[in-house]
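Since the structure comes first, as structure tokens, the remarks are kept for the end.
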Amino acid sequence: MSSEKIECPRCWVEMKVVEEEIFGPNIEIDICPKCNGIWLDRGELKKLIKDKEVTDYLTKDIGLKSHSPLICPRCRNLMDLEKAEDVEVDVCLKCRGVWLDADELQGLKEVPEDGFDADEDAKAQERWEEYVHISKGTKLSKFFNRLKR
Ligand SMILES: [Zn+2]
Ligand SMILES: [Zn+2]
């Protein structure tokens, strides 16, 4: 749970833990008092926007490479940028926590019922990275290594 205080990954001030009723009951989120950015621990995004497709897209198969300048405020790991609709969110590669800038939550909540624009090419690339990483040391990657030589 978000009991430990964390610092905003953008402005490095201590974030406030608030229970926001407009997002539904019993959801504690960390908000930066300076930039109004929001930190969500793993699973909290799903409670907030209630769209499984979008949350899965944003937090699963996110690859191994970091395309974000931010460092995870929770575990200090690298983060990656994931995009849904016109909203780019930062997702921690390790703990899968999510950083949302002030206006990004609203953008995610406005994702239309009939689905959202997913960048399938980028997603496929990230799945491939994970797949190659997982299969390192297996026969398959030996096969690919042989092809590269
Ligand atoms: Zn901030
Ligand atoms: Zn993290």
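The values are calculated or read from the model by the stated rules, or taken from the named source; none is laboratory data. Fair warning: this is a prediction, and the values are worked out from it, not measured in the lab. Because the Cβ atoms are built from the backbone with ideal geometry, glycine has one as well, and the counts that use them run over all protein chains shown.
Observations, loosely collected:
- Filter pass, residue 91 being β-branched (Val, Ile, Thr), crowded, with 17+ Cβ neighbours inside 10 Å, more than 16 Å from ligand 1 (Cβ to nearest atom) and assigned to a loop (DSSP other than H, G, I, E, B): no
- Picking from residues in region 53-80 that are under 9 Å from the mean Cα position of the chain (by Cα) and assigned to a loop (DSSP other than H, G, I, E, B), the one that is farthest from ligand 1 (Cβ to nearest atom) is 60.
Yes/no matrix, rows are residues, columns are (1) crowded, with 17+ Cβ neighbours inside 10 Å; (2) away from ligand 2 (no atom under 11 Å from the Cβ); (3) modelled with pLDDT of 95 or more:
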{"site": "35", "(1), (2), (3)": "no, yes, yes"}
{"site": "43", "(1), (2), (3)": "no, yes, no"}
{"site": "47", "(1), (2), (3)": "no, yes, no"}
{"site": "56", "(1), (2), (3)": "no, yes, no"}
{"site": "59", "(1), (2), (3)": "yes, yes, no"}
{"site": "72", "(1), (2), (3)": "yes, no, yes"}
{"site": "84", "(1), (2), (3)": "yes, yes, no"}
{"site": "102", "(1), (2), (3)": "no, yes, no"}
{"site": "110", "(1), (2), (3)": "no, yes, no"}
